[in-house]
Amino acid sequence: MTIQGIAYIALVFLLVLGAAFPLGRYLAAIFEGRVRFLRPLEAGFYRLAGVDETRAMGWQAYAVALLLLSVIHFALLYAILRLQYYLPFNPQHIAGMSPRLAFNTAASFATNTNWQAYVPEAQISNGAQMFGLAVHMFLSAAAGIAAAAAVMRAFASGAAKTLGNFYADLTRITLYLLLPVTIVAAVLLVLAGCPQTFSAFITAHTLQGDTQSIAIGPVALQEAIKELGTNGGGFFNANSAHPFENPNAWTNLFENWLLLVIGFALPIAFGHMVKNPRQGRALMAAMAIILALGCVGTYAAEASGNPLQTAIGVAHQGGNWEGKEVRFGIPASTTFNVSATGTSTGAVDSFTDSYMPLAGAIPLFLMQLGEVTPGGVGSGFYTIIVFALFSVFVAGLMVGRTPEYLGKKVQAKEIKLAMLGVLILTLFILAGAGFSLVTKSGLTSLANAGPHGLTEMLYAWTSATENNGSAFAGLSADTNLLDYGLGAAMLFGRFAFMVPVLAIAGSLAAKPRLPESAGTFPTTGPLFIGLLIGVIIILGGLQFLPADTLGPLAEHFLLQAGKTF
């Protein structure tokens, strides 16, 4: 590793955390309905949709509204993908997707996963990209942030029976946050060289006298919301390694900032909502510490290079360059990929399948922790709240007191619901990967044997269930087993966790806020931050340790011994 590489990681964190504080204050104002500079437009949307923005919803009504919207938009996106041949803005006359691939893709974009089992340039038209996928990037991101806002209100209120209005939250988050920031970001990306057009592919004439078809389209806007909303679905198959999506080192830094900033701003918004900013800073600190360790660890593993190449004297100076863009280098590439798996973005500017085993294990483990560092927009926040409840519960057991968090008693009901959500995710990841590895269909999808092949499949099921969307690129995912299996994992990973969280929020909202006493466990200092990190690693990650040991860890020791499959 070099000083310049460490300085780059520090620069990313400085820019992100510096912007998270004012953005968090702004988010709290949106959630509380104090941002109104587009009020006539906002009110017009409510009238058009027949929504009464003043009608507060209990957690059941909030969850039903969120689920109903997701079902409707899943069905609409499925129809767009199946019928895109007949829709406008399809100058290449790209055919509709197969039913299984359309199901997988619709599930992916409706759940903020953006897993891509298809080749974008060849299997989806410009119109379907813009009016199908990009629209869902806004909706799924806004829905996740809305759920986070509902959880914040549960702690901010005392003995309340409602969590806000889902439709009002969705509208305000889209109108006052996602749309304006995305438009500004898209303009900056256009100025940097990203295309934004509905024109047909460009035909280039090569020096050898041949022709080459170069894909273009409405790239800049999709790239902006892809990162800002922690979506991750690339306009091109090469994702953020493609020069049209990510033209240079400056856009790489900017996109890295975009994919992290809302995730880190949400705990700051939480601190303002509960009128105790230190609470938000404690959650943000836990997120930042884990992510920083992941960035440094992955950089160190890649900078050390490939031991097989070192043994024969052909190792490239500076580390393992396989699968990386020379435009970015190893520090920027690993920081981007760790940021994308620490969130639920799934975008990559280098390819994890080519990483050293330990470097590939860290992004995998960050996803297995529950995507809380800082996680997807909204989902990362409400997931770390679940771990915070576990932490105060453990602390309460240690001292023999009823645990409480921000004055709300944490009882058996909340812990049971939290464990239900965590176990659902674990079940889909381990059972799905295990079943795939004992079936002919699953085994034929692998490009590698041995531990690396196991990691490819384990990574796929982890990425789908945790709604990340990145992949070890060697996996062929467009099969009946993986299209339908991973599609189901995305849906359950999103909603079978979100609904119990909203139930927890409803239960806590109804409880009065108790004043702090001498026996209250402090949840703002280093002790709580350390406990929270420990609980995240133990409850979130160690259940996957046996599988990880057989995958990337086994491959690491094989390489060190000079062996490979």
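Where a number appears in this text, it was derived from the coordinates with a stated rule and is not lab data. Because the structure is predicted, anything quoted here is derived from the model rather than measured. Don't worry about glycine lacking a Cβ; one is built from the backbone with ideal geometry, like all the others, and counts go over all protein chains shown.
Close amide-amide hydrogen proximity is noted between Tyr405 and Val410, each under 5 Å apart and 5 or more residues distant or on a separate chain (H modeled in the peptide plane; Pro and chain starts excluded). The stretch between Leu67 and Arg47, if pulled fully straight at 0.36 nm per residue, gains 5.0 nm over its current Cα-Cα span. Taken over the C-alpha atoms, region 41-83 has Rg and Dmax values of 13.5, 38 angstrom. First select every other residue whose beta carbon is under 14 angstrom from the beta carbon of Gly525; then total the charges, Lys and Arg +1, Asp and Glu -1. Taking every Cβ under 14 Å from that of Gly525, the sum is +1. For the pair Tyr484 and Ala447, how long in nm is the line joining their label points, each one 7 Å along Cα→Cβ? Inter-label distance under the simple model: 2.7 nm. All distinct Cα pairs of region 1-110 go into the 1/r average, and the inverse of that average, the Kirkwood radius, is 18.9 Å. Please report the net charge: other residues with Cβ closer than 9 Å to the Cβ of Ser333, K and R +1, D and E -1. Neighbourhood net charge equals -2. For region 441-486, the Kirkwood estimate of the hydrodynamic radius, built from every pair of different alpha carbons, is 10.4 Å. Pair-distance distribution P(r) for region 29-275, from all Cα-Cα distances in 10 Å bins starting at 0: 7, 28, 33, 21, 8, 2, 1, 0 percent. Neighbours of Tyr118 by Cβ distance under 12 Å: Lys/Arg scored +1, Asp/Glu scored -1, total -2. The modelled label-to-label distance for the pair Ala311/Ala122, using points 7 Å beyond Cα in the direction of Cβ, is 3.6 nm. In plain terms, the residue of Trp115, Trp250, Trp59 with the fewest other Cβ atoms within 10 Å comes first and the most crowded comes last, giving Trp250, Trp59, Trp115. Projection of the Cα convex hull of the chain, averaged over all directions and equal to a quarter of that hull's surface, yields 26.2 nm². Length available on full extension from Ser517 to Ala412: 0.36 nm per residue minus the Cα-Cα distance, which gives 35.6 nm.
Taking neighbour Cβ counts within 10 Å as the exposure measure, how do Thr523, Thr113 sort from fewest upward? Ascending number of Cβ neighbours within 10 Å: Thr523, Thr113. Between Lys563 and Leu420, the simple label model (points 7 Å from Cα in the Cβ direction) yields a spacing of 4.6 nm. Only loop residues by DSSP count here, and only those with at most 12 other Cβ atoms within 10 Å; note down the trypsin sites (Lys or Arg not before Pro) in region 126-210 that meet that. In loop regions of region 126-210 (DSSP not H, G, I, E or B), the sparsely surrounded trypsin sites (Lys or Arg not before Pro) are Lys161. Remark on Gly370: its backbone amide H falls under 5 Å from none of the residues 5 or more positions apart or on other chains, H modelled at 1.01 Å from N. Using Cα-only point scatterers and the Debye equation, what is log10 of I(q)/I(0) for region 77-126 at each q in 0.18, 0.21 Å⁻¹, rounded to two decimals? Values, matching the q order: -0.49, -0.67. With no solvent and one point per C-alpha, what does the Debye sum give as log10 I(q)/I(0) for region 279-560 at q = 0.08 Å⁻¹? Those come out to -0.36, one per q. 3J(HN,Hα) along region 534-548: x, 5, 4, 5, 6, 7, x, x, 5, 5, 9, 4, x, 5, 5 Hz, from the Karplus curve 6.51 cos²θ - 1.76 cosθ + 1.60 with θ = phi - 60°, whole Hz, x for Gly and Pro. This ranking places Ser507, Ser436, Ser344 by how few other beta-carbon atoms lie within 10 Å of each, fewest first, which gives Ser507, Ser436, Ser344.
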